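What follows is a short report on a single structure.
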Amino acid sequence: MPWRGLWSGRLGAYKAVVIGLGRIASTIDDEVLGTNWMLPFSHAGSYREVPEVTLAAAADLHPDQRRDFAARYELKESQLFEDYRAMITEVKPHIVSVCTNAKHRHAVVMEIARMRAGVRVIWAEKPISVTLREADEMVAACREAGIALAINNLRRWHPWYVQARKLIDDGVLGEIRQVSSYQRGKWSNTSHMVDLARFMGGGDGRVQWVFGEMESDEAAASDQDISGVAFWRFASGAHATLRTVDTGQVDELDTIGSEGRIRASNNGVGWEFWRKVGEGRTAEFALHQFPRPQWLASPGAMAVRDFIEVIETGKQPNCTGEDGVAHLDAILAARESHRRGGVKIELPLADRSLGILSSELKFELPRAVAYRMGVPGALPWH
């Protein structure tokens, strides 16, 4: 998405609301403060960063969550709702953030689409849903309602990854041959580098088939969020190798084409840009300066600006509901490959009842609420 200046002059032209007032909606900015990640990261913080958007209201089932959110973002009691449907009916927002956990995401998105309340964009957290059937239904319902469904794989709005994708689209790397992704965490909940493998594969990122090996036979047999290794073939003919690990600070993406290479390390902090010099047997890649954009905003703020452009021009969001479905399809295909003895799995998967329980679901309650109740493992900033 091109940078469109600091702001357009349409102060507060668009109303945004947030459903689910926990970590990603609000307090994650405290976690990443002092790190190399650009702020704001949270949904609410990102809305506040863009002058054209007003954070108009917020909804959560838990009074403590509403109270903390209101104090942080200076909302009045009249702007807080227990029932998100009442909020949407009263406020009539243009953009709705769905920051519930994956278990409830499907029901909330489906209800918003059914309401026909004038919502133009739904910014839903990742993963898109628990099962493929749910994901398919969400995409279809939003399409029918005329709502642009965006999935918060936030690196697709990160200015440096966007710049890298522009170089790919402009043909600077030539024909993409290989993408290698290394990610800490699990396939579903900590999934940014997995999604980026599709993004950096060029074109529509469609994965044709998958091989996979999960961390163990026992883990692969369950529906729990797990780690593992996957090998993809894109419809374009390129390939990708992906590995998730439970330890270490490893978040890297390496994209190799016929004419160049881009390597992003340390979660997009370090960038290497290599271009082909010479011809024939003497050709080699030489290191060049990566052309970082000079106008910068956080990925969250860039996402919100993208949604304004979606509303005004009809373009698709940088990460669509269809991207969320394709991502979930590829993750589940890797697990299915292991379950079936290491066979090649064609996409899309025929069995749309398949699903994976994002690791966020280990707490029935929001983690901040669970922490107040003394639930082991629930950290205060979550």
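Computed from the coordinates by the stated procedures, all read-outs in this text should not be read as laboratory data. Since this is a predicted model, take the numbers as computed values, not measurements. Note that we place each Cβ from the backbone using ideal geometry, even for glycine, and neighbour counts take in every protein chain shown.
The Cα center of region 257-287 and the Cα center of region 120-147 differ in position by 37 Å. Farthest towards the positive end of the charge dipole of the chain, among the residues Pro159, Phe41, Ile24, is the Cα of Pro159, using unit charges on the Cβ of Lys, Arg, Asp and Glu. The protection proxy used here, the mean number of other Cβ atoms lying within 10 Å of each residue, ranks peptides 217-226, 130-139 as follows, highest first: 130-139, 217-226.
Considering all different alpha carbon pairs of region 259-298, the Kirkwood hydrodynamic radius works out to 11.7 Å. When each full DSSP H helix of the chain is screened for a Cα extent of at least 18 Å along its own axis and an average Kyte-Doolittle hydropathy of at least -1.0, the helices passing are 102-115, 132-145, 299-313, 321-339. Packing here is the average count of other Cβ atoms within 10 Å per residue, and on that basis the peptides 233-246, 189-202, 49-62, highest first, run 189-202, 49-62, 233-246. Mean separation of Cα pairs under 8 Å and 6 or more residues apart, divided by the residue count, gives the chain a relative contact order of 19 percent. For region 247-361, a simple Cβ point-charge model (Lys and Arg +1, Asp and Glu -1, everything else neutral) yields a dipole of about 280 debye relative to the Cα centre. Each listed q (0.07, 0.10, 0.12 Å⁻¹) maps to a log10 I(q)/I(0) for the chain from the Debye sum over equal C-alpha point scatterers, namely -0.31, -0.64, -0.93.
Across region 159-288, Cα-Cα pairs more than 27 Å apart make up 22 percent of the total.
At 0.36 nm per residue, and after removing the present C-alpha to C-alpha distance, how many nm does the segment from Glu213 to Leu287 gain when stretched out fully? Full extension from Glu213 to Leu287 adds 23.2 nm. Tell me, rounded to the nearest percent, the portion of alpha carbon pairs in region 32-165 spaced more than 19 Å apart. Here the tail beyond 19 Å accounts for 55 percent of pairs.
Between amide H atoms placed 1.01 Å from N, distances below 5 Å from Leu357 occur with Gln224, Asp225, all of them 5 or more places distant or on a separate chain. The stretch between Glu111 and Ala71 holds 11.6 nm of extra length on full extension. This uses 0.36 nm per residue minus the Cα-Cα distance.
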